[in-house]
Amino acid sequence: MHWIGGKYIEGAAGRTVPITNPATGEVTQQLALADEAVVDQAVAVAAEAARSWSRSSLSKRTQVLFKYRELLDGHRDEIARLITAEHGKVHSDALGEVARGIEVVEFACSIPQLLKSAGSYEVSTGVDVREIRQPLGVVAGITPFNFPAMVPLWMFPMAIACGNSFILKPSEKDPSAALRVAELMADAGLPPGVLNVVNGDQVAVRRLLEHPDVAAISFVGSTPVAQSIYRAGTEAGKRVQALGGAKNHMVVLPDADLDLAADSAVSAGFGSAGERCMAISVVVAVGGIGDELVAKIAERAKGLRIGPGDQETSDMGPLITAAHRDKVASYLPSAREQGAEIVLDGTAEQVGPEGAHFLGVSLLDKVSVDSDAYRDEIFGPVLSVIRTETYAEAMDLVNSSPWGNGAAVFTSDGAVARRFEMEVEAGMVGVNVPIPVPVAYHSFGGWKASLFGDHHIYGSDSVHFYTRGKIVTSRWVAPGAGLEMAFPTNS
């Protein structure tokens, strides 16, 4: 099913994919996928809706967003349960995802202030100049499976607040949360067609990228796909922000609180089963702290309770699919062959019923920078530890990574922390904070192969991404002022 024009419509006949419960492996429904005709229908509906919505008052938009925030808040638990049922993450983590999405809606409620224009009076005799920002029209978002509610909420509230209509293409692995948040937007009073949800695969993505009436594309996913989306979208003349993958490092210095560092490494490495683009996947132990730090991480990791996300006793749920679980597990034998010390082997742990997508946590020590476990974005509960002698070696290691999404340093020295902030080549930096995801009024985005495009997502960057500037120069003169042939100057 697809949400187009404020109602559900059927998908293309014959093209479906199964949706499973990762905690059991059971197929819960067959999702109908969009063909090009369905995408074209969504774009046509969105284009028609954009014509009137773009002229709606800022007061009207704000009223809808305030009501939407209220509805999301009242349906937090319901949305979180939809996430857990299809993604598998534990309920508390799913609730946190919804909360971070609501923060962006709250920021979008300030759109009258965000769209205030600047101007200059009397730049020349009788001449005034002002800047205005106008919506693009129809914009689209392509979102990943790991945050099925939060990432869509990072996109469409700001796009809609700016006066655009929006087409969301969520992951086909867990679409129910995206559909539910779209329904709630309609309940908040959003006119039909301003927000649409198209369920699909590469067929839908390709059509959105090439459709002449789609002005901009927002994407979050893996780096190879982000690069492909950016190239195809920009070649089609669209504005594109494509957020890619990551290999986030956490540098632990000898003066750090090792208990805090160990707690942070476990929560940031294994939370949401490691299926986060901001997960810590590499701990860099500097100096002689390696043995003690690894022991503390292992002690905490052994105590994690792995089970279905809807059970309160579970700290970590399953991975999204059996295929992804098997891919993550495949890194353990290769890591051992490539010289790593396997402190914890999550593949040796059988959890849940046969067919479920569970995998235990793995901790690798003394990992080589040439190994697959270090070079690849594993996107699962595998934490690598690399040891360096000095801070300078640690910085060289972090900055040589092709990714630059996030990085963190744990230290008690403010001067060193500030130096790290300035020197590290990453878009989001944490100081004694393992997952430095910015709050909604700052923007989210990495450097290097973690971002393709000039604008980060949400925050002030989103206003510039979802609008285009126009400079108006005006002069009102009395009748009979006379002919002027010279090039105009400010005098």
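The values are calculated or read from the model by the stated rules, or taken from the named source; none is laboratory data. Because the structure is predicted, anything quoted here is derived from the model rather than measured. No Cβ is skipped: glycine too gets one built from the backbone with ideal geometry, and neighbour counts run over all protein chains shown.
Before we move on, is Val472 in contact with an Asp or Glu (Cβ under 9 Å, 6 or more places away or on another chain), part of a strand (DSSP E or B) and either of a type outside the set (Val, Ile, Thr) or more than 28 Å from Leu153 (Cβ to Cβ) (or both)? Full working, then the answer.
Values: in contact with an Asp or Glu (Cβ under 9 Å, 6 or more places away or on another chain): yes; part of a strand (DSSP E or B): yes; either of a type outside the set (Val, Ile, Thr) or more than 28 Å from Leu153 (Cβ to Cβ) (or both): yes.
Judged against the criteria, Val472 is a match.
Please enumerate the residues belonging to the range 224-239 that are surrounded by fewer than 24 Cβ atoms within 10 Å (Cβ to Cβ) and closer than 21 Å to Gly427 by Cβ.
Within the range 224-239, Pro224, Val225, Gln227, Ser228, Tyr230, Arg231, Thr234, Arg239 qualify.
Any idea which residue in the range 336-351 is farthest from Ser267 (Cα to Cα), counting only those that are crowded, with 18+ Cβ neighbours inside 10 Å and in contact (Cβ under 8 Å) with a residue 40 or more places away in the chain?
Within the range 336-351, the match that is farthest from Ser267 (Cα to Cα) is Ala340.
Within the bounds of the range 372-382, is there any residue that is within 22 Å of Val286 (Cβ to Cβ), charged (D, E, K, R) and in a helix (DSSP H, G or I)?
Yes - at least one qualifying residue is present in the range 372-382.
When you scan the range 448-471, do you find a residue that is free of Cβ contacts under 8 Å to residues at least 60 places away in the same chain and under 13 Å from the mean Cα position of the chain (by Cα), even just one?
No, the conditions are met nowhere in the range 448-471.
Name the residues in the range 213-261 that are assigned to a helix (DSSP H, G or I), touching a residue at least 60 places away in the same chain (Cβ under 8 Å) and among the hydrophobic types (A, V, I, L, M, F, W, C), would you?
Within the range 213-261, Ala226, Ile229, Leu260, Ala261 meet the criteria.
Would it be correct to say that Arg133 is touching a residue at least 40 places away in the same chain (Cβ under 8 Å), in contact with a Leu (Cβ under 8 Å, 6 or more places away or on another chain), more than 17 Å from Ser171 (Cβ to Cβ) and not polar (S, T, N, Q)?
Working: touching a residue at least 40 places away in the same chain (Cβ under 8 Å): yes; in contact with a Leu (Cβ under 8 Å, 6 or more places away or on another chain): yes; more than 17 Å from Ser171 (Cβ to Cβ): yes; not polar (S, T, N, Q): yes.
Yes; evaluated as a whole, the condition is true for this residue.
Checking the structure you have, find out if any residue of the range 406-417 is surrounded by fewer than 22 Cβ atoms within 10 Å (Cβ to Cβ), in contact with a strand residue (DSSP E or B) (Cβ under 6 Å, 6 or more places away or on another chain) and not in a loop (DSSP other than H, G, I, E, B).
yes
How about the range 317-350: which of its residues are under 20 Å from Ala85 (Cα atoms) and part of a helix (DSSP H, G or I)? Don't jump to the end; show me each part of the working.
We begin by selecting, within the range 317-350, every residue under 20 Å from Ala85 (Cα atoms); these are 317-325.
Across the range 317-350, the qualifying residues are Ala322, Ala323, His324, Arg325.
Would you pick out the residues in the range 315-335 that are in contact (Cβ under 8 Å) with a residue 60 or more places away in the chain and crowded, with 23+ Cβ neighbours inside 10 Å?
Answer for the range 315-335, where residues must be in contact (Cβ under 8 Å) with a residue 60 or more places away in the chain and crowded, with 23+ Cβ neighbours inside 10 Å: Met316, Gly317, Pro318, Leu319, Ile320.
Failed condition for Asp73, given (1) surrounded by 14 or more Cβ atoms within 10 Å (Cβ to Cβ); (2) in contact (Cβ under 8 Å) with a residue 24 or more places away in the chain; (3) within 21 Å of the chain's Cα centre (by Cα), with all others met?
Asp73 satisfies all of (1) surrounded by 14 or more Cβ atoms within 10 Å (Cβ to Cβ); (2) in contact (Cβ under 8 Å) with a residue 24 or more places away in the chain; (3) within 21 Å of the chain's Cα centre (by Cα) except (1).
Could you grab me the full set of residues in the range 383-405 that are assigned to a strand (DSSP E or B) and either touching an Asp or Glu at 6+ places or on another chain (Cβ under 6 Å) or free of Cβ contacts under 8 Å to residues at least 24 places away in the same chain (or both)?
Within the range 383-405, Val385, Gly404 meet the criteria.
Being under 18 Å from the mean Cα position of the chain (by Cα) and among the basic types (Lys, Arg) is the filter; apply it to the range 238-261 and report the residue that is farthest from Thr143 (Cα to Cα).
Going through the qualifying residues, I end up with Lys247.
Return the residues of the range 296-316 that are among the β-branched types (Val, Ile, Thr) and assigned to a helix (DSSP H, G or I); say none if nothing qualifies.
Within the range 296-316, Ile297 is the sole residue that qualifies.
Can you name every one of the helices (runs of 4 or more DSSP H) wholly within the range 1-115 that holds 1 or more residues which are more than 27 Å from Leu208 (Cβ to Cβ)?
Counting at least 1 such residues, we get 58-74, 76-87, 91-108, 111-114.
Based on this model, can you work out whether Gly290 counts as touching a strand residue (DSSP E or B) at 6+ places or on another chain (Cβ under 7 Å), among the small types (Gly, Ala, Ser) and either farther than 30 Å from His357 by Cβ or surrounded by fewer than 20 Cβ atoms within 10 Å (Cβ to Cβ) (or both)?
yes
Would you confirm, using the coordinates I've provided, whether Ile167 is part of a strand (DSSP E or B) and touching a residue at least 60 places away in the same chain (Cβ under 8 Å)?
yes
Can you tell me how many residues in the range 116-145 are assigned to a loop (DSSP other than H, G, I, E, B) and modelled with pLDDT of 95 or more?
5
Regarding the range 21-38, can at least one residue be identified that is within 25 Å of the chain's Cα centre (by Cα) and either more than 30 Å from Ser272 (Cα to Cα) or hydroxyl-bearing (Ser, Thr, Tyr) (or both)?
Initially, the range 21-38 is screened for residues within 25 Å of the chain's Cα centre (by Cα), giving 21-23, 31-34.
From what is left, the residues that are either more than 30 Å from Ser272 (Cα to Cα) or hydroxyl-bearing (Ser, Thr, Tyr) (or both) are none.
No, the range 21-38 contains no residue that is within 25 Å of the chain's Cα centre (by Cα) and either more than 30 Å from Ser272 (Cα to Cα) or hydroxyl-bearing (Ser, Thr, Tyr) (or both).
What's the number of the condition His357 fails, among (1) at pLDDT 95 or above; (2) over 21 Å from Phe379 (Cβ atoms); (3) part of a loop (DSSP other than H, G, I, E, B)?
With (1) at pLDDT 95 or above; (2) over 21 Å from Phe379 (Cβ atoms); (3) part of a loop (DSSP other than H, G, I, E, B) applied to His357, the lone miss is (2).
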